[in-house]
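Here is the structure we will look at, set down as structure tokens.
Every number in this text was worked out from the coordinates using simple rules, so none of it is lab data. As the structure is a computational prediction, the values presented were derived from the model and not from experiment. Reconstructed Cβ throughout: ideal geometry from the backbone, glycine too, with neighbour counts over all protein chains shown.
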Amino acid sequence: MPSSMFKEKILYGINASPGICIGNAYLLNQVNMDIVEKYYLSTKALPAEIKRFKAAVKKTRDELNRLIKKTPDAMQRQTGIFESHLMMLKDKMLYDKVIETCEQEQVNAEWAVKNVAANLKMMFHQMENPYLSARVADLTHVTDSVIKNLVGVQKVDMSGMKKRVILVADDLSPAQTSQISLKKTQGFVTNKGGKTSHTSIIARTLGIPAVLGLDGATDLISDDDLIIVDGTEGIVIVNPEEKTLLDFAQRQEAYDNYEATLTLNSDICAKTTDNVRLMVMGNIELPEETDSVISHGGDGIGLYRTEFQYLNCPTFPSEDDLFEKYKSVVEAMAPKPVTIRTLDINGDKAIGSMSGPHETNPFLGLRAIRYCLKNPDIFKTQLKAILRSAVFGNVKILFPMISCYDEIIMARELLNQAASVLDGEGTTFNMDIDIGIMLEIPSAIIMADKLAEQVDFFSFGTNDLIQYSLAIDRGNRDVAYLYDGLQPAVIRLMKHAADVGHKKGKKMSLCGEMAADSLYTPIILGLGIDELSMNPRSIPIVKNIIRAISMEESRQFLEEVLKQRTASDIMEMLQKTYGSLLMNKMY
Ligand code: PEP
Ligand code: MG
């Protein structure tokens, strides 16, 4: 029985992926105690070892104090646990005993911590007092943190999981998330991350509930604790009481039923009440997700994020590997379109095996098209695979993170070179495809009239557009409250580009997370966006909303939105005008 199983705790994080799951926690990336080795020290080396132990304790104390300071007033109850951890760190039975063990046995600090902790735990267990038994979990958190600060974290292999668990981790990289097996994972909870971090995006595509940015989750949840994850509300309940369990089991059933009814109408096209049709498409990260776009009624794939095929490989994939994957997606969707976006690595999606200088600001660094233009061979390998796949259906190519005119010229030049090489090799390919760029950097929006000369379509990447225009790291939970697509500056930027693009006769699409949030649908319609692309599960929801709104009214609504000063003014307008439609939605 997990020892902290006595009191129900409610923890609050960011609602990263909707839905509810109930299961046992599986803590990832924790200290693997097996790697804590014992070694002996000379008398001369002991003072340095004690100093090392004290530094690790101080680091743990600082981490706990930081958590206490960052806990919002509304959640002060959570801080009691961290405070008890702080007390434990000072306790003579732990602190003094570790120093004594090091000195008397002349052993290393991590070994001493491990042994002292084991003895204390045994003592607590033997007392058969539920309160003291519950302290075992706290003691484990505290001593694990100290050991982690002494030896570093050992990654735990996910393949070791035996049952369907809820992953709890400090952070999950997009690469790790994309490897998650649905057979073994019901949901996940992390200390870090924000709503449009790529980890969240993958959770939504996979359709598993997730709460991210729950600072201290790995301290507050123990391995095997029974937990409820409500990814819609952004809460996690640890050790739920009987009646809480019952309540959430009912909510889980209601949510699953709601999802099932939505898909019933998913094949019907999305026409506004005044008969304007929008194409509603799906975003995918892996070819396996294509079926989900089809089953949710997607009119095509508006964004195929290709980088995930690179993230988990020790080497770069070959042209044939890439071609096979792209072909499978293109064939499955044909004759519906598939927009393949070229490699968008770095930012929060670093290739593990890639050796390169550490970047202080990865989101402003050698990311996406910048990386590709610096590595033309890697880029051309991908371009060749895309051109070959275009023989099998309706393919469009999309270049990410274009910030200036030269970049699109260079990207097109490399595309031409890729075609020439294929031609020279006698390989079949199709160069008659639409070429587009992401509008996700304000400079590209300002230059949209000139960039239009070089492209067939534009696609708004609002996840980055919000981040770059408001200067807010999209994965940083501390500034998540400022990350808001309703900021008038963001909407004005989009209005400018949409008008310019349409004037130049270009199709405007939107593939950021904004497309999936029906709160934005009236604004998106008002902007005259032609195509939306989103995580497949949101397709039926957004289609439903489009069918209930008039295009003409949305245009007029947008005119008023553009006169507002603040995001909350716009929110108020949305509530007043579309409240019953948008806010009554269950999720
Ligand atoms: C975006 O930035 O909105 C986008 C769709 O791309 P990504 O989330 O992959 O950066
Ligand atoms: Mg982007």
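Using just the C-alpha positions of segment 358-497 as equal point scatterers, what log10 of I(q)/I(0) does the Debye formula give at each q in 0.12, 0.17, 0.19, 0.22 1/Å?
With no solvent term, the Cα-only Debye profile gives -0.55, -0.96, -1.11, -1.30.
Can you list the lysines whose alpha carbon sits under 17 Å from that of Lys195, skipping same-chain ones fewer than 8 residues off?
Within the straight-line cut-off, Lys195 pairs with Lys349.
Can you tell which of Leu246, Leu226, Met281 lies farthest toward the positive end of the dipole of segment 187-324, using +1 and -1 charges on the Cβ of basic and acidic side chains (Lys, Arg; Asp, Glu)?
Comparing the listed Cα positions along the dipole, Met281 ranks first.
What FRET efficiency comes out for the pair Tyr258/Lys450, r = Cβ-Cβ distance, R0 = 35 Å, nearest 0.05?
Details: r = 46 Å, r/R0 = 1.31.
In this case the efficiency is close to 0.15.
Among the listed pairs Lys69/Lys148; Lys7/Lys69; Lys396/Lys543; Lys503/Lys563; Lys51/Lys90, give every one whose C-alpha distance is greater than 18 Å.
Lys69/Lys148; Lys7/Lys69; Lys396/Lys543; Lys503/Lys563
Per-residue ellipticity at 222 nm for the chain, helices alone: DSSP H runs ≥ 4 residues times -39500 (n - 2.57), over residue total, nearest 500 deg cm²/dmol?
Details: 23 runs with 275 residues, N = 587.
Result for the chain, helices only: -14500 deg cm²/dmol.
Please list 251-261, 572-582 highest first by mean number of surrounding beta-carbon atoms within 10 Å per residue.
For the peptides 251-261, 572-582, the packing ranking is 572-582, 251-261.
For Ser42 and Lys7, FRET efficiency with R0 = 35 Å and r from the beta-carbon atoms, rounded to 0.05? Walk me through the numbers before you get to the answer.
Working: r = 47 Å, r/R0 = 1.33.
The value I calculate is 0.15.
Can you work out the FRET efficiency for the pair Leu245 and Arg565, with r the C-beta to C-beta distance and R0 = 51 Å, to the nearest 0.05? Numbers along the way, then the final one.
Working: r = 46 Å, r/R0 = 0.90.
Approximately 0.65, to the nearest 0.05.
Per-residue counts of other Cβ atoms within 10 Å, averaged by peptide: what ranking do you get for 227-233, 242-248, highest first?
227-233, 242-248
Where a Cα-Cα gap under 18 Å defines reach, which aspartates and glutamates qualify for Lys163, not counting those fewer than 8 residues away within the same chain?
Output for Lys163: Asp223, Asp224, Asp225.
Roughly what percent of Cα-Cα pairs across the chain reach past 44 Å? Please report the intermediate quantities before stating the final value.
Working: 43908 of 171991 pairs.
Roughly 26 percent, rounded to a whole number.
Order 41-51, 196-206 from most to least packed using the mean count of other Cβ atoms within 10 Å. Please report the intermediate quantities before stating the final value.
On the way: 41-51: 12.1, 196-206: 26.2.
Peptide ranking by packing, descending: 196-206, 41-51.
Would you mind computing, in nm to one decimal, how far apart the modelled labels at Asp478 and Lys504 are, each placed 7 Å from Cα along Cα→Cβ?
Here the modelled spin labels are 3.9 nm apart.
Quote the relative contact order of the chain in percent (integer), defining contacts as alpha-carbon pairs under 8 Å separated by 6+ residues.
Across the chain, relative contact order equals 15 percent.
Roughly how tilted is helix 76-90, in degrees to the nearest 10 and between 0 and 90, from the longest Cα axis of the chain?
The answer is roughly 40 degrees.
Want the number for Asn275 to Gln106: 0.36 nm per residue separation, take away the alpha-carbon distance, what's left? If you can, show how the numbers build up before the last one.
On the way: separation 169, 0.36 × 169 = 60.84 nm, distance 8.11 nm.
This chain segment gains 52.7 nm when fully extended.
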